[in-house]
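Data block below; observations after.
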Amino acid sequence: MILKDYLLNIYSAPELAQVNEKWLSRPVNLEEIHDLHVFLSQCELESSSFKKAGPHRKDDWELGWSGHGITTEYPDFPDLPYYFKKNTHVRIGDKAYRDLSGLTELCLLRTIQDVAFASELLKRAQAVIEFGCGTGHNLSYLASRIPHNLYGADWAKSAVERIVEAGIVESGRAFRVDYFDKATFQAPPEPYVAFTNASLEQSGENYKEFINFLFTDEECIGGIHIEPISDLVSPSHDLNKFSIDYAKRRAYLTNFYEYMKNSGKIILVAKDFELGSKFISGYQLLIWAK
């Protein structure tokens with residue numbers, strides 16, 4: 001089967017039209033997990049010792065983005081975080097699958113990014129900055145999809161240095177920004193869209209100071225966030241219930257949608273596509289504008 005076959009009930013026809021054909025036509029080999037009770041029990045056991053998000057993880061990411069957490073095995077997927085290679089399962093809707101073809105989670109993420117960056121919001125911007133850019137793999141992909149000036153920021157110095165050395169962004173377009181330290185907050189000097197992808201999650205309930213920086217920065221016209229936003233997830237089936245609980249145990253974003261909804265900003269998209277990895281359907285999409 002090809003990936004599109006699994007997405008027909010996930011995306012609307014207009015959304016599918018925005019997705020790069022290379023992902024839709026990609027052959028995948030997914031084996032459905034029929035006993036979800038056993039699967040989720042195993043997930044809970046395996047994840048019981050996982051670390052919580054927060055500033056104490058900074059050294060982990062510093063080490064990882066210096067090279068130890070990056071795989072170069074896949075020429076078509078440069079600068080790939082090692083955790084994509086390690087993931088053995090994906091979630092699509094209310095079903096879980098063993099991923100026998102590999103990297104399906106990344107392909108699902110790319111489909112969400114294609115939908116997100118087709119937003120009308122981009123027409124008002126000259127630049128996009130990814131906060132929490134890590135290895136720069138998202139920026140490398142965006143460079144092939146949008147014409148904007150690209151910037152990268154991360155709390156790990158190793159990540160900031162690497163994305164310049166690898167030629168992912170130009171010198172002067174990489175910043176060190178720590179969600180927990182407002183003294184580090186900085187952004188492009190031209191009208192920009194702020195982008196986060198599974199990085200703001202690390203701020204837990206401490207995202208407000210950073211988000212308020214974006215709200216007050218005159219050059220920021222809005223934001224695109226692909227994050228585990230649990231208050232966008234409906235507890236309508238067991239996979240979603242586990243996902244909500246898992247996000248809580250990992251101390252991921254707390255009441256983020258509620259905060260954004262009450263901020264007075266325009267919410268253009270707030271959607272759970274029910275796509276994710278073994279432990280979490282963690283790719284909710286929120287797009288806002290001033």
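Observations
- Size of charge dipole - segment 187-290 - debye, nearest 20, with Cβ of Lys, Arg +1 and Asp, Glu -1, no other charges: 300
- Largest GNM mean-square fluctuation across Arg124, Arg110, Arg162, computed for the chain with C-alpha springs under 10 Å, falls on Arg124.
- Amide H contacts under 5 Å for His89: Asp99, Lys278, restricted to partners 5 or more places along the chain or on a different chain, H placed in the peptide plane at 1.01 Å from N.
- Multiplying the residue separation of Ile266 and Arg124 by 0.36 nm and subtracting their alpha-carbon distance yields 49.7 nm.
- Under a model in which nothing but the beta-carbon of Lys, Arg (+1) and Asp, Glu (-1) is charged, the chain shows a dipole of about 160 debye around its Cα centre.
- Only helices enter the 222 nm calculation for the chain: every DSSP H run of n ≥ 4 contributes -39,500 (n - 2.57), and dividing by all residues gives -8500 deg cm²/dmol, rounded to 500.
- In range of the label at Glu258: residues from segment 167-208 whose backbone nitrogen is under 18 Å from the point 7 Å along Cα→Cβ: 201, 203-208
- Relative contact order of the chain, defined on C-alpha pairs under 8 angstrom at six or more residues apart (%): 19
- Axis of helix 36-46 versus longest Cα principal axis of the chain: the two differ by about 50°, to the nearest ten degrees.
- Over the C-alpha trace of segment 166-290, radius of gyration and Dmax come out as 15.1, 47 angstrom.
- Directionally averaged projected area (convex hull, Cα atoms, segment 70-226), nm²: 9.8
- Multiplying the residue separation of Ile2 and Lys85 by 0.36 nm and removing their Cα-Cα distance gives an extension gain of 27.9 nm.
- Packing-based ranking, highest mean first, of 94-107, 170-183 given that Cβ atoms within 10 Å are counted: 94-107, 170-183
- Three-way shape label, segment 2-131, alpha-carbon gyration tensor, a/c 1.5: oblate
- Hydrodynamic radius of the chain per Kirkwood, over alpha carbon pairs, in Å: 19.3
Every number in this text was worked out from the coordinates using simple rules, so none of it is lab data. From a predicted model like this one, the values you see are computed outputs, not experimental measurements. Cβ: placed from backbone, ideal geometry, glycine included. Neighbour counts: every protein chain shown.
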